[in-house]
Amino acid sequence: MASSQTELLAEKLIPTIDFGLLVNGTPDQRSGMVQILAKACEDWGFFMLLNHGIPNRLSDEMLEAFTVLFGMSYDEKVSYMGGHVLDPIRIGTGFNSKTDLDMCWKHYVKIFVHPEFHSVTKPLNFRDISKDYSECTRAIGLELLKAIWEGLGMEESHINEALKLSSCFQNLTGNLYPPYQNPDIKFGFVPHSDHGLLTLLYQNGVDGLQIKHQNRWVSVKPLPNSIMVNTCDHLEIVTNGKYKAVLHRVLLNTEVARMSVATTIGPSLDAIVEPIPDLVNEDFPAVFRGMKYRDYLEQQQSNSLVEKDCTNLNGPDINHRTFIVD
């Protein structure tokens, strides 16, 4: 497990963003938050979001609804198991149930909730809760992206059009990490980065999340009522590597279960994602080629997860230099 020194580093240095000041503050307050956000994306690829406006009741109801879903019988869940990676509802284990049963000790439910909303039929309240939660997190994610484009000096409408964010892809995932005492398996989730632009994470208060910062693993202890946000592969691609997709992992707890709800905000599945032209020049040539988000997602989700290997899917052709995996 992480040392107390590592945990102290996390508590003191992990950036925090006041969402209330970002969207409702004075021009000077917003400008200050945009600058902090830009530095967080560049230096950490991770930050805690405060005053985000999601009612605590709704977040807890979302966790509870996933808890009930995980506890349902095999017969009630089997129709969602073993499907294609682009099926709108999938229940499984590990990262990819077909390739890495021994790598991770976790159960998941992955549901596509935008641009078309999907839901399981049980528990009966799952549809209403997940719809409300998804709408709240999507609005927050799009506001954060607006501020990120502003911090980069990019025209919001241009970037949104290029990524087709009006029909952005949003995935809602429930993760369950049961307690486990086998010394041969210490990870609930191995080191990896996420597809998409941003991931918003809410958890049940059980520690285990670590992020890689300056070549060391840092344990994350979320502040009360905060949402944890990390930058993802496609934000790294559009910024031509200026903002890195942060590597993170989950350590297992030997006594209690850890649960989390993750929301991924990505481009439209049909958008071709490539570096923003304004961030490409002779000094900083493009390190990624354009690739349709749908194709990237299918490739990543169909294979075992090994750190940031999948980012090489957008690697060099004859006009692009090699991307170096962290």
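The values are calculated or read from the model by the stated rules, or taken from the named source; none is laboratory data. Everything numeric here is computed off the predicted structure, so don't read it as measured data. No Cβ is skipped: glycine too gets one built from the backbone with ideal geometry, and neighbour counts run over all protein chains shown. Remember, those area values only see protein heavy atoms, side chains included, never the ligands or the DNA or RNA. Shrake-Rupley method; radii C 1.70, N 1.55, O 1.52, S 1.80 Å.
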Review point. From the Cα gyration tensor of the stretch 233-274, with a ≥ b ≥ c the square roots of its eigenvalues, which class applies: rounded if a/c is under 1.5, or else prolate if a/b is larger than b/c, or else oblate?
Key: oblate
Check your understanding: From Cα coordinates alone, what are the radius of gyration and Dmax values for the stretch 16-168 in angstrom?
Key -> 18.5, 56
Practice item. Give the calculated FRET efficiency between VAL206 and LEU279 to the nearest 0.05, with a Förster radius of 30 Å applied to their Cβ-Cβ distance. Key: 0.20
Practice item. With a 1.4 Å probe and every protein chain left in place, tell me how much accessible area GLU161 has, in Å² to the nearest 10. Key: 140 Å²
Point to revise | Using θ = phi - 60° and Karplus 6.51 cos²θ - 1.76 cosθ + 1.60, couplings along the stretch 248-263 (whole Hz; Gly, Pro as x) | key: 8, 8, 10, 8, 7, 9, 7, 10, 10, 7, 9, 10, 8, 10, 10, 10
Study note, to complete from the structure: Expected field for MET154, accessible surface area in Å² at 1.4 Å probe radius, rounded to 10, holds 30 Å²
Study note, to complete from the structure: Of the listed pairs LYS110/LYS146; LYS77/LYS186; LYS221/LYS292; LYS106/LYS242; LYS122/LYS292, those with alpha carbons more than 29 Å apart are LYS221/LYS292; LYS106/LYS242; LYS122/LYS292
Review point. Can you give the extra length, in nm with one decimal, that the chain gains between LYS242 and MET81 once fully stretched, where that is 0.36 nm per residue apart less the Cα-Cα distance?
Key: 54.2 nm
Exercise for review: From largest accessible area down, sort SER130, SER73; use a 1.4 Å probe on the protein chains.
Suggested key: SER73, SER130
Review point. Taking N as the number of residues in the stretch 204-285, what value does Rg over Cα atoms divided by 2.2 N^0.38 Å take?
Key: 1.40
Point to revise | Three-way shape call for the stretch 198-251 based on the alpha-carbon gyration tensor, with the a/c threshold at 1.5 | key: oblate
Exercise for review: Mind listing the long-range amide H neighbours of ASN240? Cut-off is under 5 Å, sequence gap 5 or more, other chains count too, H placed in the peptide plane at 1.01 Å from N.
Suggested key: ILE276
**Study point:** For the stretch 216-284, accessible area per residue (1.4 Å probe, heavy atoms of protein chains only), Å²
**Key:** 36 Å²
Exercise for review: With a point put 7 Å past each Cα toward its Cβ, work out how far ASN215 is from TYR180 in nm, to one decimal.
Suggested key: 3.0 nm
Revision key, fill the gap. Rounded to the nearest 10 Å², the accessible area of THR26 using a 1.4 Å probe with every protein chain kept is 70 Å²
Check your understanding: Classify the stretch 106-150: rounded, prolate or oblate, from the alpha-carbon gyration tensor (a ≥ b ≥ c, eigenvalue square roots; a/c under 1.5 rounded; otherwise prolate if a/b is larger than b/c)?
Key -> prolate
Exercise for review: Find how much the distance from HIS118 to SER31 grows on full extension, using 0.36 nm per residue of separation minus their present alpha carbon separation; answer in nm with one decimal.
Suggested key: 27.6 nm
Exercise for review: Using 0.36 nm per residue of separation minus the Cα-Cα distance, give me the extension gain between LYS39 and MET72 in nm, one decimal.
Suggested key: 7.5 nm
